[in-house]
Amino acid sequence: SHLMFAGIPAPTNRESRRVHPLPNLLWLEEKNRQESLREYYARLRYEFQTSKRLIARALDVEESHVAGVAYPMGDVGQVTFCNIDLFNVPEAVLNEAELHYRRGFLQSRFGFSMKLDNPMMLQRWEPDRHDDSQDVLRHILVNHPVFLARRTRAEIAAMQGEMHLALDTIKQLKRDGYPEKDLAELSEYVQRRLARLVPVPEAVKDETDKETARPIDIRHPYLGVEGSSTKANVMIDEWRVAAKGGFNINPRLTIEGRVGVGNITQEVTSNFWTEVFTTNITQRQDITTTTTNGTITVKDETVVSIVQELQGTNIVTTTNYASSETMAGLAAAYIFPNGSVGAFDIRQRTFDGDLAGESVITYALEYTWRPALAIDMAARYEHDMMPSARKVIEYDGGALGAVWRARDWWNATGSAAYRSLDDGNSLLRLMMENFWRISDRYDIWLGLHDSLVTTDLDSDLYWTPYWDQRHFLILRLRRSYPNYFGMVRVNVGAQKDKARPEEKARYNERRARAEGQGWHPGANPDGGWDRLVGLGVSLRRRWANGWEIQGEASVNALRDQTERSMAGSVIYRF
């Protein structure tokens with residue numbers, strides 16, 4: 001049954017628009033008023049009862065065989081306008097329907113009903129008049145509750161970076177007959193939207209459409225301020241603050257400008273070993289008594305001894321340097337049609353203080369891409385200067401990083417960076433991390449970090465470790481909610497800083513002399529392994545009104561220093 005006249009919209013007063021009849025008091029033109037509640041209930045009874053009787057008569061069956069009713073427009077008071085507020089209108093309509101029918105159907109884009117659904121509120125779907133059998137079958141399969149749940153699972157897994165879960169779900173859909181066209185769309189979505197594990201510029205959003213992207217389509221303007229403070233070694237301490245703003249020129253291209261100030265302080269400690277003559281003065285008193293021919297003679301004399309010896313000693317000098325900085329720069333990022341991202345950054349850095357009069361133009365190019373679905377990679381070239389408050393030492397450097405989704409519960413990260421300095425020195429940095437998820441429910445990961453930093457030549461103008469080697473375990477806890485992300489990590493392990501061969505040779509020579517002359521040669525520059533304990537936190541929070549904050553901080557306690565790094569930003573997106 002589709003009832004009698006409930007499918008014909010009717011007015012509720014002289015001037016009103018037409019509404020669905022079932023959940024509304026209608027206007028009675030012949031009585032020049034709105035119907036009463038009694039008349040409303042009588043109309044409901046007529047709609048359900050008379051329709052059933054007419055169908056049974058036309059089909060020549062018992063009235064009990066007319067088992068179902070389809071509510072016109074699928075509206076029993078829960079969808080659109082309803083002018084009755086004295087009682088629960090949907091409940092009243094469903095109660096009346098249940099007196100005459102065993103099942104009731106509401107219109108739905110899905111059309112599937114579940115076992116525990118109210119039998120008087122089952123879903124139904126109406127094909128378009130131009131749909132053929134293939135269209136109907138495709139709609140049935142796409143909207144099947146199991147297929148719908150699997151597709152949603154695959155999409156969410158992709159956004160969470162759970163590649164293997166997404167691919168396994170797609171295989172299940174293919175096995176069970178999911179339409180090929182929709183399966184291809186889902187596969188493309190997973191490959192395009194799979195969460196990136198290599199960071200990309202924060203302003204970049206992959207919302208492009210290859211067919212409709214326009215050359216100029218200004219959107220997503222933002223303004224903000226960011227700052228950072230870093231002490232990565234025993235020599236250098238630096239901080240920076242910058243104001244920035246940018247926008248999308250089109251969905252693919254983002255541009256950003258920034259101006260800021262900063263400061264670098266540097267403490268240089270020199271330890272010189274030398275040998276000096278030390279003078280030891282000793283004296284003794286000798287008293288001798290002699291008897292000659294019965295005469296006693298007493299001799300009292302003082303003997304003074306002066307001995308000069310070579311003694312090793314060290315002279316420690318500490319010198320502090322400081323330099324302030326002003327910066328202005330421009331950055332841009334572009335999303336290529338294949339989903340890879342290119343970024344460019346150029347800055348003018350001008351210095352004062354101990355670097356007064358110095359000015360440097362730095363620039364960087366970075367490209368992130370996905371050569372395989374399980375691997376995210378980033379390549380970077382940069383021309384910059386070494387952190388130093390004493391002298392401008394420029395370098396050209398390259399870096400390559402990759403993240404491999406070995407499994408959803410195992411991610412491996414590796415990176416290598418090389419710098420060629422204009423003073424003839426070079427620096428190499430290697431890092432590898434493995435993370436294994438030990439709790440899916442609480443998103444807890446156990447990681448292992450291995451890294452090495454080395455430079456060819458020693459210099460007191462900037463930090464030049466010979467062999468800084470670190471190995472430590474990481475316990476990481478993450479929390480992610482709508483518009484919020486937080487992470488805490490604890491580091492426990494060991495660090496070793498080897499001495500250069502020439503430094504060891506000088507120590508061995510000094511120790512040999514010290515053993516022969518009886519003085520202490522100082523501490524061995526090869527100090528062996530020392531404990532490393534650290535803590536890191538990060539937070540990102542967004543609000544619907546456009547504000548966004550993010551920050552991260554980390555600290556590592558080593559043998560003779562405490563490293564720290566802090567960075568944060570506040571952004572308003574219009």
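The values are calculated or read from the model by the stated rules, or taken from the named source; none is laboratory data. Note that the structure is a prediction, hence the values are computed from the model and not measured. Note: ideal-geometry Cβ built from the backbone for every residue, glycine included; neighbour counts use all protein chains shown. We work out accessible area using only protein heavy atoms, side chains counted, and drop any ligands, DNA or RNA first. Shrake-Rupley method; radii C 1.70, N 1.55, O 1.52, S 1.80 Å.
The set of residues in the stretch 401-449 that are of a type in the set (Gly, Ala, Ser) and without any contact (Cβ under 8 Å) to a residue 12 or more places away in the chain contains only Ser439. Restricting Gly546, Gly516, Gly522 to those that are over 29 Å from Arg470 (Cα atoms) and at pLDDT below 85 reduces the list to Gly516. Within the stretch 366-400, the set of residues being closer than 22 Å to Glu433 by Cβ, β-branched (Val, Ile, Thr) and touching a residue at least 40 places away in the same chain (Cβ under 8 Å) comprises just one member, Thr368. Of the residues making up the stretch 212-240, those that are in a strand (DSSP E or B) and either under 30 Å from Arg559 (Cα atoms) or of a type in the set (Gly, Ala, Ser) (or both) are Gly224, Gly227, Ser228, Ser229, Thr230, Lys231, Ile236, Asp237, Glu238, Trp239, Arg240. Of the numbered criteria (1) open to solvent by 70 Å² or more (accessible area, probe 1.4 Å); (2) farther than 30 Å from Arg542 by Cα; (3) part of a helix (DSSP H, G or I); (4) not hydroxyl-bearing (Ser, Thr, Tyr), the one Gln191 fails is (2).
Please find, among Ala557, Ala553, the residue that is at pLDDT 90 or above, closer than 30 Å to His220 by Cβ and aliphatic (A, V, I, L, M).
Ala553
Look at the stretch 102-129: where a residue is in contact (Cβ under 8 Å) with a residue 24 or more places away in the chain and on the phi > 0 side of the Ramachandran plot and a partner is surrounded by 12 or more Cβ atoms within 10 Å (Cβ to Cβ) and assigned to a loop (DSSP other than H, G, I, E, B), sitting 6+ places away or on another chain with Cβ atoms under 6 Å, you get Gly111/Trp125. Screening the stretch 458-474 for residues that are without any contact (Cβ under 8 Å) to a residue 40 or more places away in the chain and touching a Gly at 6+ places or on another chain (Cβ under 7 Å) and picking the one that is farthest from Trp409 (Cα to Cα) gives His471.
Residues that are surrounded by fewer than 18 Cβ atoms within 10 Å (Cβ to Cβ) and closer than 20 Å to Ala331 by Cβ within the stretch 231-246 comprise Arg240, Val241, Ala243, Gly245, listed in sequence order.
If the condition is being charged (D, E, K, R) and either at pLDDT below 95 or closer than 16 Å to Arg489 by Cβ (or both), then the stretch 423-449 contributes Asp423, Glu433, Arg437, Asp440, Arg441, Asp443.
Against the conditions (1) within 30 Å of Ala322 (Cβ to Cβ); (2) aliphatic (A, V, I, L, M); (3) part of a strand (DSSP E or B), Val403 satisfies every one except (1).
The residue of the stretch 82-101 that is modelled with the highest pLDDT, among those that are in contact with a helix residue (DSSP H, G or I) (Cβ under 9 Å, 6 or more places away or on another chain) and open to solvent by 50 Å² or more (accessible area, probe 1.4 Å), is Leu99.
One line per residue, one yes/no per condition, for (1) open to solvent by less than 70 Å² (accessible area, probe 1.4 Å); (2) under 28 Å from Trp463 (Cα atoms); (3) within 30 Å of the chain's Cα centre (by Cα); (4) not basic (Lys, Arg):
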| residue | (1), (2), (3), (4) |
| --- | --- |
| Ala499 | yes, yes, no, yes |
| Ala505 | yes, yes, no, yes |
| Glu515 | no, no, no, yes |
| Asn524 | no, yes, no, yes |
| Leu535 | no, yes, yes, yes |
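Here Arg559 meets the list (1) over 15 Å from Ala232 (Cβ atoms); (2) outside any loop (DSSP other than H, G, I, E, B) almost entirely, failing just condition (2).
Rundown of residues vs (1) at negative phi; (2) touching a residue at least 60 places away in the same chain (Cβ under 8 Å); (3) of a type outside the set (Asp, Glu); (4) loosely packed, with under 15 Cβ neighbours inside 10 Å, yes/no style:
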site	(1), (2), (3), (4)
His20	yes, yes, yes, no
Arg45	yes, no, yes, yes
Arg53	yes, no, yes, yes
Ala56	yes, no, yes, no
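Taken together, Tyr481, Tyr466, Tyr442, Tyr418 contain a single residue that is surrounded by 18 or more Cβ atoms within 10 Å (Cβ to Cβ) and of a type in the set (Ser, Thr, Tyr), which is Tyr466.
For the stretch 262-286, filtering for residues that are farther than 30 Å from Thr313 by Cα, at pLDDT 75 or above and surrounded by fewer than 13 Cβ atoms within 10 Å (Cβ to Cβ) leaves 0.
Among the strands (runs of 3 or more DSSP E) confined to the stretch 295-379, the ones with at least 3 residues that are open to solvent by less than 80 Å² (accessible area, probe 1.4 Å), among the small types (Gly, Ala, Ser) and modelled with pLDDT of 95 or more are located at 295-335.
Condition check ((1) of a type outside the set (Phe, Trp, Tyr); (2) more than 60 Å from the chain's Cα centre (by Cα); (3) part of a helix (DSSP H, G or I); (4) modelled with pLDDT under 95) across all residues:
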residue: Ala6; (1), (2), (3), (4): yes, no, no, yes
residue: Glu15; (1), (2), (3), (4): yes, no, no, yes
residue: Pro23; (1), (2), (3), (4): yes, no, no, yes
residue: Glu39; (1), (2), (3), (4): yes, yes, yes, yes
residue: Ile55; (1), (2), (3), (4): yes, yes, yes, no
